[in-house]
Amino acid sequence: MKILKIFLVTLLPFLFFSCNPDRDRFQPVQTYGIIDANINGFTWSASSGYAEYQNFSLTLFGSAPDGSSLSMTIYPYNGLGTYQANSPAQFSFYDVDGYQYYATTGYISITSENAGQVQGNFSFSGVSNGGALPIDMSGSFNLYY
């Protein structure tokens, strides 16, 4: 009995304090994919990207090493098909100079979706916040949930 008490007194605190279950349980899963685009005649590629389906919406996101990023959200998302800009697809692009662009016209086309992967293409025209700078962007994506 005395050995059991010593065992519990010495090992039980070690078991409780040596593990950090929050570290493993709550780490976001990092998934990657590809977004390639042509922006006003120049090539842009995301070095990392992902797709996220949540609350009936599909968000596609990619970022480049220079700090620029593209976000496309479809709400409500109903599977394969083409979604028009501003109803229900929303586009937002941040360039390296800090300008944010929004779509005025365009589409996102989801051509394939299976096993946590979504593929398609997009095209949109828009303006920067404030309306001063135009943007024309088209490209394709292959992203993972």
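The values are calculated or read from the model by the stated rules, or taken from the named source; none is laboratory data. In this text, all values refer to a predicted model and were calculated from it rather than measured experimentally. A quick note on method: Cβ atoms are made from the backbone with ideal geometry, for glycine too, and the neighbour counts reach across all protein chains shown.
Observations on the model:
- Flag if GLY79 is at positive phi and either at pLDDT 90 or above or of a type in the set (Phe, Trp, Tyr) (or both): yes
- Odd one out for ILE108, checked against (1) under 17 Å from the mean Cα position of the chain (by Cα); (2) at positive phi: (2)
- Residue pairs meeting the criteria (Cβ under 7 Å; at least 6 apart or on separate chains; first acidic (Asp, Glu), in the range 32-43; second assigned to a strand (DSSP E or B)): ASP36/SER45; ASP36/GLY139; ASP36/SER140
- When the range 68-114 is limited to residues that are aliphatic (A, V, I, L, M) and surrounded by 15 or more Cβ atoms within 10 Å (Cβ to Cβ), the one that is nearest to TYR53 (Cα to Cα) turns out to be ILE74.
Listed here are the residues, each with its yes/no results for (1) over 14 Å from SER138 (Cβ atoms); (2) touching a Gly at 6+ places or on another chain (Cβ under 9 Å).
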| site | (1), (2) |
| --- | --- |
| PHE42 | no, no |
| ALA85 | no, yes |
| ALA89 | no, yes |
| ALA103 | no, yes |
| GLU113 | yes, yes |
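- Whichever residue in the range 44-66 is in contact with a Gly (Cβ under 9 Å, 6 or more places away or on another chain) and assigned to a loop (DSSP other than H, G, I, E, B) and, among such residues, is surrounded by the most Cβ atoms within 10 Å (Cβ to Cβ): ALA46
- TYR32 touching a strand residue (DSSP E or B) at 6+ places or on another chain (Cβ under 8 Å), modelled with pLDDT of 50 or more and assigned to a loop (DSSP other than H, G, I, E, B): yes
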